[in-house]
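**Q** Dropping a structure here in structure tokens format, bear with me for questions.
The values are calculated or read from the model by the stated rules, or taken from the named source; none is laboratory data. Bear in mind that the values here come from a model prediction, so they are computed numbers and not experimental data. Cβ placement follows ideal geometry from the backbone for every residue including glycine, while neighbour counts extend to all protein chains displayed.
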Amino acid sequence: MSDISAATEARLRNAMGRLLGGTAVNSDGRLTKSNLAKEAGVSRATMHRANALLAEWDELAPARAPRSKEFRQIEEQLAHEKAKTRRLREKVRQLEGQLSSAATIMLEMQAIISEQGGASTVRRIGKNQDPGR
């Protein structure tokens with residue numbers, strides 16, 4: 001038999017569901033008994049009178065503790081992906097610089113060719129044409 005009212009037990013059960021579900025409203029979401037009381041809006045003394053409910057909490061909360069391991073793995077993966085993104089952005093900057101340089105060289109070559117009177121010394125090569133001909 002519990003020493004708390006049905007309404008208080010309902011509040012604690014709702015709070016337990018929110019904490020275990022990761023949707024805490026009135027606490028930081030960590031799976032602690034203190035947060036269970038905060039989430040339910042009851043004192044810790046009142047919560048500690050709910051023996052059956054706390055026994056359920058003790059069974060469920062540790063079972064959810066590996067979430068922190070999963071969370072660390074996700075954080076590590078995120079850090080890896082951020083580093084990869086930084087490397088790729090740097091590569092894009094390098095390639096953009098190379099493209100800009102190539103475009104500048106092509107424009108300069110085109111200007112030189114135009115100054116020399118056209119394509120008398122420059123010959124366009126098609127896809128299947130041997131450049132040595």
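**Q** So for region 115-133 (the condition being hydrophobic (A, V, I, L, M, F, W, C) and either at pLDDT 70 or above or in a helix (DSSP H, G or I) (or both)), does at least one residue qualify?
**A** No: zero hits.
**Q** Residues in region 39-54: is at least one modelled with pLDDT under 90 and under 30 Å from Ala15 (Cβ atoms)?
**A** no
**Q** Also: Go through region 10-51 residue by residue and tally those that are charged (D, E, K, R) and in contact with a Ser or Thr (Cβ under 6 Å, 6 or more places away or on another chain).
**A** Number of matching residues: 2.
**Q** Look at region 3-53 and say how many of its residues are surrounded by fewer than 18 Cβ atoms within 10 Å (Cβ to Cβ) and aliphatic (A, V, I, L, M).
**A** 7
**Q** Only residues in region 11-30 that are among the aliphatic types (A, V, I, L, M) count as the first member; pair them with residues that are surrounded by fewer than 17 Cβ atoms within 10 Å (Cβ to Cβ), Cβ under 7 angstrom, at least 6 apart or cross-chain, and list the lot.
**A** Pairs found: Leu19/Gly29; Leu20/Leu60; Leu20/Arg64.
**Q** For region 61-70, check the following and say yes or no: at least one residue is assigned to a helix (DSSP H, G or I) and either at pLDDT 90 or above or of a type in the set (A, V, I, L, M) (or both).
**A** Yes, some residue in region 61-70 is assigned to a helix (DSSP H, G or I) and either at pLDDT 90 or above or of a type in the set (A, V, I, L, M) (or both).
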